[in-house]
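The values are calculated or read from the model by the stated rules, or taken from the named source; none is laboratory data. Given the structure is predicted, the values throughout are model-derived calculations rather than measurements. Note that each Cβ is placed from the backbone with ideal geometry, even for glycine, and that neighbours are counted across all protein chains shown. Just the protein is used for accessible areas: all its heavy atoms, side chains included, with ligands, DNA and RNA removed. Shrake-Rupley method; radii C 1.70, N 1.55, O 1.52, S 1.80 Å.
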Amino acid sequence: MDGAAPMLPVRCRVASAQAEGADVATLTLEPVAGALSGGAPGQFNMLYAFGIGEAAISLSGHDEAGRPMHTIRAVGATTRALTAMEAGAELGLRGPFGTGWPVADQAGRHLLAVAGGLGLAPLRPAILAAAAQPGAVSVVHGARSPDTLLYAGELSAWAAEGTPVYLTVDHAAPGWTGRVGTVIGCLPPALAGHDPAAVSAFLCGPEVMMRATAQALSDAGVPPDRIWLSMERNMKCGIGLCGHCQYGPDFICRDGPVLRYDRIAARLTLREI
Amino acid sequence: MTLRTIRELLAEHPLFARFDGATLDELAGCARTEQFDSGALVLREGETADKVFLLRAGDVAVEMATPGQPPMIMETLHPGDLLGVSWLVAPYRHMADARALSNVRALSLDAACLREKCDAIPAVGYAFFRAWAPHVAQRMRAQRMRLLDLYGSGG
Ligand SMILES: Cc1cc2nc3c(=O)[nH]c(=O)nc-3n(C[C@H](O)[C@H](O)[C@H](O)COP(=O)(O)OP(=O)(O)OC[C@H]3O[C@@H](n4cnc5c(N)ncnc54)[C@H](O)[C@@H]3O)c2cc1C
Ligand code: FES
């Protein structure tokens, strides 16, 4: 991000909009004029639907032309406006902000990416980067039901290319031959054959799911200083000025969103923050 | 399949890891091997829970039948899991259907035989409690987490 104007949105255009299910869409963006900063896996941008509002949205990747992609679920006014955008629509973008997944630091270790729901979006670029080395990454993805699994086509392609992919849903109708249960049930098969001390884990999803998963991984022998979580708090400035996203001694926008488990484990059990 | 082999299979199952040799000898007399083809009904809701299954290979879906609609899969069970906890809970009736999602190999333990052993040898009953309570508690915790519908909105 250009440090001179982190509060000034860059005018962007939707280059393409891809529906990912009933209320989820992936927008590929390009600047109307000038260039955008790249951004690392795990970082986020503030996307501004003009006249409605801004929301923090993680990078879910870059297309072949290097244009940033964001996968958005419609939950409120801003995200409803963003997911309704079609190619050619204009919006503002500030970022990228925050810390990324430490993908490069995991050389020689097995990476386990555990995604709940839309949490697969911020993990996608980290998975793609790690998968460049065969056998380096396994993916666990949990969703509400089979039809809400995110990036279903891409998950099948990863599995076909040899990346172990474990899918689980909260409930299903007959015909589904995958798992029904929580992501925690996928951890024993995902860890099987790996020395847990040599496994690193990236977690993204609802906080309750991440808290339970981090605990289960650490109980299974994965070192707490090798587990990272992408935290979410309400954001306004995105650059550590306003305090909206304060999480104990950290601002999620500046010190996170990706934080190491051993640093926040005690805080995850505090109800006040 | 000889008794000796069944005892070995029991000893290999993760839920029996804590059991001593004498307990395994006792329990092997209640056990037999079973196989189910993919799609076969393993248990039916309302039937007497006269067996408990220890899954060795293959996956099983625990289903609830809903009138006028396809059944709902509530939970899937996998190698190392236990199927049919109603064997220990009066009135010993299965509370859901269970269907093989793939070809399944299991050990089944006769419920009456097991209850008899547990009544006669309290140490066996306690060993069961120590081995199986954490498994059942873990599954209950997982179901509780799914009740939160974490991925329902915003997740
Ligand atoms: C670092 C980071 C990365 C993110 N990445 C993504 C991403 O990749 N994709 C994505 O879709 N989202 C992402 N989010 C989440 C997104 O920024 C928020 O959901 C954002 O609040 C949506 O804005 P909105 O105006 O659409 O909805 P809001 O109006 O902010 O509502 C969002 C949700 O909060 C609830 N809510 C609103 N106000 C209150 C209140 N006062 N009390 C209780 N609940 C309330 C609403 O019911 C709704 O469920 C990310 C968030 C962070 C912090
Ligand atoms: S959003 Fe303002 S300090 Fe983080």
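State the Cα centre-to-centre distance between segment A:147-165 and segment A:66-130 in whole Å. Cα centroid to Cα centroid, the span is 17 Å. Any chance you could give the angle, 0 to 90 degrees and rounded to 10, that helix A:207-219 forms with the longest Cα principal axis of chain A? With rounding to tens, the tilt is 40 degrees.
Our helix-only sum for chain A, with -39,500 (n - 2.57) per DSSP H run of n ≥ 4 divided by its residues, gives a mean residue ellipticity at 222 nm of -5500 deg cm²/dmol. With the helix formula -39500 (n - 2.57) applied to DSSP H stretches of n ≥ 4, chain B reaches a computed 222 nm mean residue ellipticity of -11000 deg cm²/dmol.
If you build a Gaussian network model of chain A, linking Cα atoms that sit under 10 Å apart, which residue out of A:ILE252, A:ILE52, A:ILE184 swings the most? Highest fluctuation among the options: A:ILE52. Our coupling estimate for segment A:144-153, obtained by passing each phi through the Karplus curve with A = 6.51, B = -1.76, C = 1.60 and θ = phi - 60°, is 5, 8, x, 6, 10, 4, 7, 6, 4, x Hz, Gly and Pro reported as x. Projecting the Cα atoms of B:GLY68, A:THR78, A:VAL199 onto the dipole axis of the protein assembly as shown, where Lys and Arg carry +1 and Asp and Glu carry -1 at the beta carbon, places A:THR78 farthest toward the positive end. I need the shape label for segment A:156-219. Rule: rounded when a/c is under 1.5, else prolate if a/b > b/c, else oblate, with a, b, c from the alpha carbon gyration tensor. Judged from the Cα gyration tensor, segment A:156-219 comes out oblate (a/c at least 1.5, b/c at or above a/b). Loop sites here are GluC sites (Glu not before Pro) outside DSSP states H, G, I, E and B with no more than 12 other Cβ atoms within 10 Å. The longest part of chain A free of them is A:162-271. Computed with a 1.4 Å probe over protein heavy atoms only, the accessible surface of chain A comes to 41 Å² per residue. For the protein assembly as shown, the gyration tensor built on C-alpha atoms gives a prolate shape. Its axis ratio a/c (a ≥ b ≥ c) is at least 1.5, and a/b is the larger of a/b and b/c.
Cysteines in chain B lacking any other cysteine Cβ under 4.7 Å from their own Cβ: B:CYS118.
Spatially, segment B:54-113 and segment A:229-273 are offset by 42 Å when compared through their Cα centroids. Heavy-atom accessible area with a 1.4 Å probe sorts B:SER102, A:SER60, largest first, into B:SER102, A:SER60. Kindly identify segment B:97-151 as rounded, prolate or oblate by the Cα gyration tensor criterion: order the square roots of the eigenvalues as a ≥ b ≥ c, call it rounded if a/c is under 1.5, otherwise compare a/b with b/c, prolate if a/b is larger, else oblate. It comes out oblate by the Cα gyration axes. Residues of segment B:115-152 that bury at least 40 Å² of accessible area once all protein chains are present, compared with their chain alone (1.4 Å probe, heavy atoms only, ligands and nucleic acids left out), are B:MET145, B:ARG146, B:ASP149, B:LEU150, B:TYR151.
Between the amide H of A:TYR166 and those of A:VAL139, A:VAL140, A:HIS141, distances stay under 5 Å, these residues lying 5 or more places away or on another chain, with hydrogens modeled in the peptide plane. Tilt of helix A:120-130 relative to the longest C-alpha principal axis of chain A, in degrees (0 to 90, nearest 10)? That works out to roughly 70 degrees.
Converting phi to 3J(HN,Hα) with the Karplus coefficients 6.51, -1.76 and 1.60 and the offset θ = phi - 60°, segment A:65-78 yields 8, x, 7, x, 10, 9, 10, 10, 9, 6, 10, x, 4, 5 Hz in sequence order, with x at every glycine or proline.
Near A:ARG144, the amide H atoms lying under 5 Å from its own belong to A:ASP170; only residues 5 or more places off or on other chains count, and H is placed 1.01 Å from N. Normalised by the number of residues in segment A:103-268, the average gap of Cα pairs under 8 Å and 6 or more apart makes the relative contact order 20 percent. For A:THR99, the residues whose modelled amide H falls within less than 5 Å of its own, excluding neighbours fewer than 5 places apart on the same chain, are A:GLY256, A:VAL258. Using Cβ point charges alone (K and R +1, D and E -1), the dipole size of the protein assembly as shown about the Cα centre works out to roughly 640 debye. Pairing chain B with chain A buries about 2000 Å² of accessible area. This figure sums both sides and uses a 1.4 Å probe. Placing +1 on the Cβ of every Lys and Arg and -1 on the Cβ of every Asp and Glu, with nothing else charged, gives segment B:6-147 a dipole about its Cα centre of roughly 420 debye.
Short-range pairs are left out: with C-alpha atoms under 8 Å and at least six residues apart, the relative contact order of segment A:43-98 is 43 percent. Of all the options A:TRP101, A:TRP176, A:TRP158, the one that moves most in a Gaussian network model of chain A with Cα springs shorter than 10 angstrom is A:TRP176. Note that segment A:21-27 has calculated 3J(HN,Hα) couplings of x, 4, 10, 10, 9, 10, 9 Hz, one per residue in order, obtained from phi through the Karplus relation 6.51 cos²θ - 1.76 cosθ + 1.60 (θ = phi - 60°); glycine and proline are x.
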